[in-house]
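A short worksheet on the structure shown next.
The values are calculated or read from the model by the stated rules, or taken from the named source; none is laboratory data. Keep in mind that what you see is a predicted model, and the values were worked out from it rather than measured. Methodologically, a virtual Cβ is constructed for each residue, glycine included, from the backbone with ideal geometry; neighbour enumeration extends over all protein chains shown. Keep in mind that these areas ignore ligands, DNA and RNA; they rest on the heavy atoms of the full protein, side chains included. Shrake-Rupley method; radii C 1.70, N 1.55, O 1.52, S 1.80 Å.
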Amino acid sequence: METGTPAVVLKFDPNVMHHGGLGAIRSLGRRGVPVHGVHERRWAPAAGSRYLQGRWFWRFPPAEDPDRTRAELLALARHIGRPAVIVPTDDAASIFLAEEGGPLRSAFLFPEPPPELPRTVAGKYSMYEACRSLGVACPDAMVSESVARAHDFARRKGFPVVAKLASPWRTPGSKLRSTVIVHDSAELDRTARAAEAAGAALMWQEFIPGGPGHDWFFHGYCDRDSVCRPAFTGVKHRSYPAHAGLTSLGFAEPNPHLREIATTLLARLGYRGIVDLDFRLDARDGRYRLLDFNPRLGAQFRLFRDRAGVDVVLAQYLDLTGQPAAGGEQVSGRGFVVENYDPIAALRYWRAGELGLGEWLASLRGIDETAWFSWDDPRPFGLMCVRMGWRAVTRPLARRVERTKERNA
């Protein structure tokens, strides 16, 4: 593997606890690739990785200022001194590169999907409309600013329903979660009011009943011909928040039928680049329904690799630098855990009567990949622990202050 071409791990989302970018830094850095990371602040855990050759910091919302973002990235390119492969780790970065990245192609190497495609599939309702037009199974959904219509949707579909932020852009400082399971009318009202106050549009989605072995994800890399290789499938055992968030515990499991569904969809769309798809097996009709389409790196991608040790980040690097990838079968049975979120998720499952202490401990046996800890790169784990400890102390105090303000208002 030729490693002379540098790489840039790009992140717009102002979430310092994002672990997917750290995985990309380690995946490339361990192979000897010079890696540069874009971070929001110096004490972001991923910025502490020993595999970073360079760190670039910005404190403005990149998605809201395309001209300034391009100027910053071109300044980074001049600092690096030669063309570099870009690995976007969030939807906003992928959308920016597709729509605004033309002037950057002389300085960076990145896939070239149809310009409108990443925004279409990242948007929750536009993805739903695309699925309907292509005949892809997905949950029923609607977008409406009317709370009355949201209640009507819930009456037709039955509680719980799922509320999702319709836009792929995260508003800086917003406390809204991207996905919330709403269990009753009162919770629906609170969720709708919070979104209205934040100026955010919500998509209301039918809740698909799940259970053990029903939540699946697909990770792959599509080349310029939209051929997806490698293509990996896995099972989500737990998520944070419970049943409606990122994978906190997952395992690599081959699923040829699901892989065929995903790769066929990607070929029909003409998709190019790294992709992360979430599916749920609907026990009512036995169909896999597409829940989320993420046109970028999935945070748990290090769970997957083929027998040559190639993951989706290495596959993109090899393809964009003109090197062949082996394209072998995935290594199955590997386990992945997010150390800071899975204990919290397990507590929520326990409170719901879905998990016992013994079951939780047994589920952690045979873990092959962790989100943060690594013997050869321990500093990000230490920084993560400090940040989680700070959150544990300050968040209850902040909630108390907010409740006091509400009572006095």
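If only one of GLU100, GLU72, GLU64 is closer than 23 Å to TYR221 by Cβ, of a type in the set (D, E, K, R) and surrounded by 13 or more Cβ atoms within 10 Å (Cβ to Cβ), which one is it? Full working, then the answer.
Numbers: GLU72 fails: closer than 23 Å to TYR221 by Cβ; GLU64 fails: closer than 23 Å to TYR221 by Cβ.
Testing whether each residue is closer than 23 Å to TYR221 by Cβ, of a type in the set (D, E, K, R) and surrounded by 13 or more Cβ atoms within 10 Å (Cβ to Cβ) leaves just GLU100.
Working only within region 303-319, note down all residues that are open to solvent by 40 Å² or more (accessible area, probe 1.4 Å) and among the hydrophobic types (A, V, I, L, M, F, W, C). Talk me through it step by step, then tell me what you get.
Going through region 303-319, the residues open to solvent by 40 Å² or more (accessible area, probe 1.4 Å) turn out to be 305, 307-308, 319.
ALA308, the sole residue that qualifies.
Would you tally the residues in region 71-103 being of a type in the set (S, T, N, Q) and out of contact with any strand residue (DSSP E or B) (no Cβ under 8 Å at 6 or more places or on another chain)? Show your work before the answer.
Let us first name the residues in region 71-103 that are of a type in the set (S, T, N, Q), namely 89, 94.
Cutting the leftovers down to out of contact with any strand residue (DSSP E or B) (no Cβ under 8 Å at 6 or more places or on another chain) gives us none.
Total meeting the criteria: 0.
Cβ contacts < 6 Å: first residue basic (Lys, Arg), restricted to region 383-404; second residue at pLDDT below 90, any location; separation 6+ or different chain. Result?
Once the first residue is basic (Lys, Arg) and sits in region 383-404, no partner that is at pLDDT below 90 comes close enough.
Out of ARG284, ARG280, I need the residue that is of a type outside the set (Asp, Glu), over 28 Å from ARG307 (Cβ atoms) and modelled with pLDDT of 95 or more. Which one? Before you say what the answer is, go through the steps one by one.
Working: ARG284 fails: modelled with pLDDT of 95 or more.
After applying the criteria, what remains is ARG280.
Restricting attention to region 271-279, does a residue exist that is charged (D, E, K, R) and buried (at least 24 other Cβ atoms within 10 Å of the Cβ)? Outline the logic, then answer.
Residues of region 271-279 charged (D, E, K, R): 272, 276, 278.
Next, only the ones that are buried (at least 24 other Cβ atoms within 10 Å of the Cβ) stay: 272.
Within region 271-279, one or more residues are charged (D, E, K, R) and buried (at least 24 other Cβ atoms within 10 Å of the Cβ).
Which is within 25 Å of the chain's Cα centre (by Cα), open to solvent by 60 Å² or more (accessible area, probe 1.4 Å) and among the charged types (D, E, K, R), of ARG348, ARG403? Reasoning before the result, please.
Numbers: ARG403 fails: within 25 Å of the chain's Cα centre (by Cα).
One residue alone meets the criteria, ARG348.
GLY298 is checked against (1) part of a loop (DSSP other than H, G, I, E, B); (2) surrounded by fewer than 24 Cβ atoms within 10 Å (Cβ to Cβ) and fails just one. What number does that condition carry?
(2)
For GLY213, state whether it is more than 18 Å from the chain's Cα centre (by Cα), over 25 Å from TYR125 (Cβ atoms) and either assigned to a loop (DSSP other than H, G, I, E, B) or of a type outside the set (Phe, Trp, Tyr) (or both). Don't jump to the end; show me each part of the working.
Values: more than 18 Å from the chain's Cα centre (by Cα): yes; over 25 Å from TYR125 (Cβ atoms): yes; either assigned to a loop (DSSP other than H, G, I, E, B) or of a type outside the set (Phe, Trp, Tyr) (or both): yes.
Answer is yes for this residue.
Taking TRP58 as meeting all but one of (1) surrounded by 16 or more Cβ atoms within 10 Å (Cβ to Cβ); (2) touching a residue at least 40 places away in the same chain (Cβ under 8 Å), write down the number of the exception.
With respect to (1) surrounded by 16 or more Cβ atoms within 10 Å (Cβ to Cβ); (2) touching a residue at least 40 places away in the same chain (Cβ under 8 Å), TRP58 is out only on (2).
Output the residues belonging to region 350-409 that are among the aromatic types (Phe, Trp, Tyr) and at pLDDT below 90. Spell out the reasoning first.
In the first step, residues of region 350-409 are kept if they are among the aromatic types (Phe, Trp, Tyr); the result is 350, 360, 372-373, 375, 381, 390.
Scanning region 350-409 gives a single hit, TRP390.
Considering (1) open to solvent by less than 40 Å² (accessible area, probe 1.4 Å); (2) among the aliphatic types (A, V, I, L, M); (3) touching a Pro at 6+ places or on another chain (Cβ under 9 Å); (4) modelled with pLDDT of 95 or more, say which one MET17 fails and leave the rest.
Failing condition for MET17: (4).
Taking ALA345, is it in a helix (DSSP H, G or I) and touching a Lys or Arg at 6+ places or on another chain (Cβ under 7 Å)? Let's see the steps before the verdict.
On the way: in a helix (DSSP H, G or I): yes; touching a Lys or Arg at 6+ places or on another chain (Cβ under 7 Å): yes.
So ALA345 fits the description; yes.
Which one of the conditions (1) in contact (Cβ under 8 Å) with a residue 24 or more places away in the chain; (2) surrounded by fewer than 21 Cβ atoms within 10 Å (Cβ to Cβ) does PRO256 fail to meet, given that it meets all the rest?
(1)
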